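Any read-out appearing in this document is the output of simple, stated calculations on the displayed coordinates, not a laboratory observation. Computed from a predicted structure; not experimentally measured. Reconstructed Cβ throughout: ideal geometry from the backbone, glycine too, with neighbour counts over all protein chains shown.
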Amino acid sequence: MKSIQFNAHHSPVGAFASLTLGFPGAKGGLGHELKGPADEPFYVGLEEIDREGYYQALPFFEASDDKSADYDVEGHNAEFSYPNRISHFSWESITRQFAACTDEWSAGDLKFRVITPYPTVPDPGLGDAEALKNAVCPGVLLEVEVDNSSSQRARKVFLGYAGSDRYDGVRVIGQDGLIGVGQGVATAIATKEPGFKAGVAWQPEMVVNSRQPDNEPFLIGSTGILWTTVPAGEKRTFRFAVGFFREGTATTGIKTRYYYRRFFNSIEEVLNHTLSRADQLIAEAKIQDASFANGLTEDRAFMHAHAVRSYYGATELLEREDGTPLWVVNEGEYRMMNTLDLTIDQLFFELKMNPWTVRNELDLFVERYAYEDTIQFPGDDTKHPGGLSFSHDMGVSNNFSSPGNSSYEQGGLKGCFSYMTAEQLLNWSICSSVYGLKTADHSWIKGKQETLKACLASMLNRDNPNPAERNGVISLDSSRCFGGAEITTYDSLDVSLGQARNNLYLAVKGWAAYKLIAKVFADLGLTQESQTANAQAKKAEATILAAVEPDGTMPAIIGEGVPARLIPAIEGLVYLDYIGFDLSESKPLVEALKTHLETVLKKGVCKFEDGGWKLSSTSDNSWLSKIYLCQAIAEKILGFAPDHEADKAHVAWLLDPANAYFAWSDQMLAGKACGSRYYPRGVTSTLWLD
């Protein structure tokens, strides 16, 4: 049986916020713009059936401390403190039903559900204000169900949290028909159910077992609790809303506010709107739960649901001062904004859910995060014409970086934090081509034709400044590296995937980029540019095929004697297949990649002993998002059978107690989350559904 002790996101769309729950202890809560869980106690509890004033609650908290000694330093007011009367339901007594949009825990006579449908976000430029308001409302719906039908007495039920914000106190909400608790104006929980009361204290017992009801709003406290009584012999279901809200400026560098501020002026309005749409939210969640799991095995349905939740927990829909929208996907624990090597992997999911967001991201890269460089051969200070590329990201932690610069890239390095100039050039070229061809957004792609021409020229230069010596593969480094070397998105891996120059993974990706650009140019009537790109694709294909070893494998670094073998050599195939390219035109390359994968995909080479996939034969560092991507390619393009043993291993990685706190994590070192935690990129799993 799979463990149910794992954190998961429960997030509104575009609010960079999450009610994270599921890991034992005070390890979840209401997080706003955080790099990980809020680490707050969260309370959902019910009075015991045979002991009045004693309670059992879901195990998302630790025993509360009496903080009165911080004030009553000599202890003269001992009657102020309350004994702990709330215990955990044992994990053995709890069941959990987990899907993409509904997460339900059951224990004894208590059920608790969190409902988070993920609607399509309408293009703000199309003017459907009501649909947009509903899509970006920064609220989450909760249900608490109590079955008191077998009890001979009334029992109390309660819900609440301890706020962890250092700046704002916890308060009682009692307006607009709401009864609730919140911390400042940023987070809150409220209901409109009759009979509920709200209180603030240091301990939940001080509210639910209050000796003096008038004392319940003890605003020095940090714990807000809502409670009511369920009559004997009855079943009741109560609905609550969790709200998130930021009033003013959300980001620096580019001044923005959250787009939901167009529709909501307070967190109370968010709470009311969420509760008013409860029936619709539940219906939408039910439909999406089925849709996100359609045709998937239990293991894959779990991983996809988990990844979708983490993606939306990282999203941010902002509004610039001129009123234009700005879509951001934050990079999990790192909080880097619109990291381009994540954008390309999230491309497939975004094109399915909100295609306009892809265009929005690509436009800002051109507007603000493009740059021109020169290039160098390794070990040679001579500078050659380089060309256009794009920064690794747009900033970090709600701080947009300066034009042409990322928050990440630094010169003089050969590993982590070096430049990804060639990779990001390929990423923008592929994303723009796939977007234009998949959506048939002809006016947009025509408007970007000069940028694509510059991309092609830059790719040619990075192959070789001398046209006669070009082989279709990146072989120079950006002079921004200042004697260092460019890296790939696999930044903390060894040279097999870390080095950009002559990398097999980038060679196949570059081949795909040339093919895509050639198609776009042909559609635009740019015959000469199309022919140039196609010629480069043929050179790349020939270079890759010439690298095939006698055993049918290809080296990780072409022509440099590196013994490593890679799974991601196959990545480039997906972009062409996704838009309907006839890959039979490149049958020799496709067959060579298939043979390569068949040969390396075995334990001791590119599989761990538990059956999990190992992206490089010489490193234990693997990224689940890339594994999902390569699994889809292997099955849908190369004809491999689904690897159920690998799926079980990958689920086990996520549920390992050392990893489960971080919700969905990407980077695994021999199955242990070592980076890229609390991460959005796992939605490559959407390709399992296509």
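Tell me the net charge near residue 657. Cut-off is 12 Å between Cβ atoms, residue 657 excluded, with +1 for each Lys or Arg and -1 for each Asp or Glu.
Numbers: positive: 27, 672; negative: 656.
Here the charged neighbours net out to +1.
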Full extension between residue 587 and residue 380 adds, at 0.36 nm per residue less the Cα distance, a length in nm of 70.8 nm
For the chain, the charge dipole (Cβ of Lys, Arg +1; Cβ of Asp, Glu -1; about the Cα centre) points to a positive end, and the Cα of 449, 200, 303 closest to that extreme belongs to 449
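With the radius of gyration and the Kirkwood radius both derived from the Cα set of region 233-290, what is their ratio Rg to Rh?
Details: Rg = 16.0 Å, Rh = 13.9 Å.
We get a ratio of 1.14 for region 233-290.
What is the order of 352, 607, fewest Cβ neighbours within 10 Å to most?
Values: 352 15, 607 20.
By the 10 Å Cβ count, ascending: 352, 607.
Using only the Cα atoms of region 295-688, construct the convex hull and provide its projected area averaged over every direction, in square nanometres to one decimal.
On the way: hull surface 71.4 nm².
Result: 17.9 nm².
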Per the 1/(1 + (r/R0)^6) rule, R0 = 25 Å and r from the Cβ atoms of residue 522 and residue 546, FRET efficiency to 0.05 is 0.40
Answer in debye to the nearest 20: the dipole magnitude of the chain about its Cα centre, from +1 Lys/Arg and -1 Asp/Glu charges placed on Cβ, is 820 debye
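Determine the dipole magnitude for region 270-359: charges of +1 sit on the beta-carbon of Lys and Arg, -1 on that of Asp and Glu, nothing else is charged, the reference point is the Cα centre, and the result goes in debye to the nearest 20.
Working: 8 positive and 14 negative charges, 44 e Å.
Dipole size: approximately 220 debye.
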Under 5 Å from the placed amide H of residue 557, counting only residues 5+ away or on other chains, we find 504, 562
Sorted largest first, the Cα spans of region 464-594 on the principal axes come out in Å as 41, 37, 27
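Is region 178-288 best put as rounded, prolate or oblate by its Cα gyration tensor, with a ≥ b ≥ c the root eigenvalues, rounded for a/c under 1.5, and otherwise prolate when a/b is larger than b/c, oblate when not? List each step's numbers first, then the result.
Details: a/c = 3.06, a/b = 1.34, b/c = 2.28.
Oblate, since a/c reaches 1.5 and b/c is not below a/b.
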Of 464-470, 151-157, ordering from highest average Cβ density within 10 Å down gives 151-157, 464-470
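Give the relative contact order (percent, whole number) for region 295-688; include only Cα pairs under 8 Å separated by 6+ residues. Walk me through the numbers on the way to the answer.
Values: 781 pairs, mean separation 68.0, N = 394.
Relative contact order here is 17 percent.
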Spelling it out for residue 28: with amide H atoms placed in the peptide plane at 1.01 Å from N, the residues 5 or more places away or on another chain with amide H under 5 Å from its amide H are 39, 40
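Compare the peptides 630-639, 554-563 by average per-residue count of other Cβ atoms within 10 angstrom and give them in order, highest first.
Numbers: 630-639: 19.3, 554-563: 17.4.
Packing proxy ranking, top to bottom: 630-639, 554-563.
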Cα-based Rg then Dmax for region 417-487, in Å, read 14.0, 42
Heads up, region 112-253 by the C-alpha gyration tensor (a ≥ b ≥ c square roots of eigenvalues; a/c under 1.5 rounded, else a/b over b/c prolate, else oblate) looks oblate
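Please report, ordered by residue number, every helix of the chain (full DSSP H runs) that is 24 Å or longer along its axis going by C-alpha atoms and whose mean Kyte-Doolittle hydropathy reaches 0.0. It would help to have the intermediate numbers written out before the result.
Working: long enough: 421-439 (27 Å, 0.19); 504-523 (29 Å, 0.85); 527-546 (28 Å, -0.63).
Qualifying helices, which must be both long enough and hydrophobic enough, are 421-439, 504-523.
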Classified through the alpha carbon gyration tensor (a ≥ b ≥ c as square roots of its eigenvalues; rounded if a/c is under 1.5, else prolate when a/b is larger than b/c, else oblate), the chain comes out prolate
Between the residues 458, 511, 489, the Cα farthest towards the positive end of the dipole of region 448-559, that dipole coming from +1 and -1 charges on the beta-carbon of Lys, Arg, Asp and Glu, is from 458
Rh_Kirkwood(region 628-675) over Cα pairs, Å, one decimal, evaluates to 11.7 Å
Here, residue 235 and residue 95, labelled 7 Å along Cα→Cβ, have an inter-label distance in nm of 1.4 nm
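Grab the beta carbon distance between residue 655 and residue 466, set R0 = 56 Å, and tell me the FRET efficiency rounded to 0.05. Working shown, then result.
Numbers: r = 53 Å, r/R0 = 0.95.
Calculated value: 0.55.
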Neighbours of residue 552 by Cβ distance under 11 Å: Lys/Arg at +1, Asp/Glu at -1, summed charge -2
With no solvent term and unit scatterers on the alpha-carbon positions of region 143-207, Debye gives log₁₀ I(q)/I(0) at q = 0.14, 0.16, 0.17 Å⁻¹ of -0.49, -0.61, -0.68
What the 5 Å binned alpha carbon P(r) of region 571-690 shows, as percent of pairs per bin from 0, is 2, 11, 21, 23, 19, 13, 7, 3, 1, 0
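Could you sort 28-37, 485-494 so that the peptide with the highest average Cβ count within 10 Å comes first and the rest follow in order? Numbers along the way, then the final one.
Details: 28-37: 21.5, 485-494: 23.1.
Highest mean packing first, the order is 485-494, 28-37.
Residue 321 to residue 276: extension gain in nm, 0.36 nm per residue of separation minus the Cα-Cα distance?
Working: separation 45, 0.36 × 45 = 16.20 nm, distance 3.04 nm.
13.2 nm is the gain from fully extending residue 321 to residue 276.
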Amide H proximity to residue 607 below 5 Å, modelled H, separation 5+ or other chain, gives 602, 614
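Mind putting a number on the dipole of region 295-688 about its Cα centre? Charges go on the C-beta only, +1 for Lys and Arg and -1 for Asp and Glu, and I need it in Debye to the nearest 20.
The calculated dipole for region 295-688 is roughly 380 debye.
Mean separation of Cα pairs under 8 Å and 6+ residues apart, divided by the residue count of the chain: what relative contact order is that in percent? If you can, show how the numbers build up before the last one.
Values: 1594 pairs, mean separation 81.9, N = 690.
Relative contact order comes out at 12 percent.
With an 8 Å cut-off on Cα pairs and a minimum separation of 6 or more residues, tell me the relative contact order of region 435-536 in percent. Let's see the in-between values first.
Details: 97 pairs, mean separation 20.7, N = 102.
The normalised contact order for region 435-536 reaches 20 percent.
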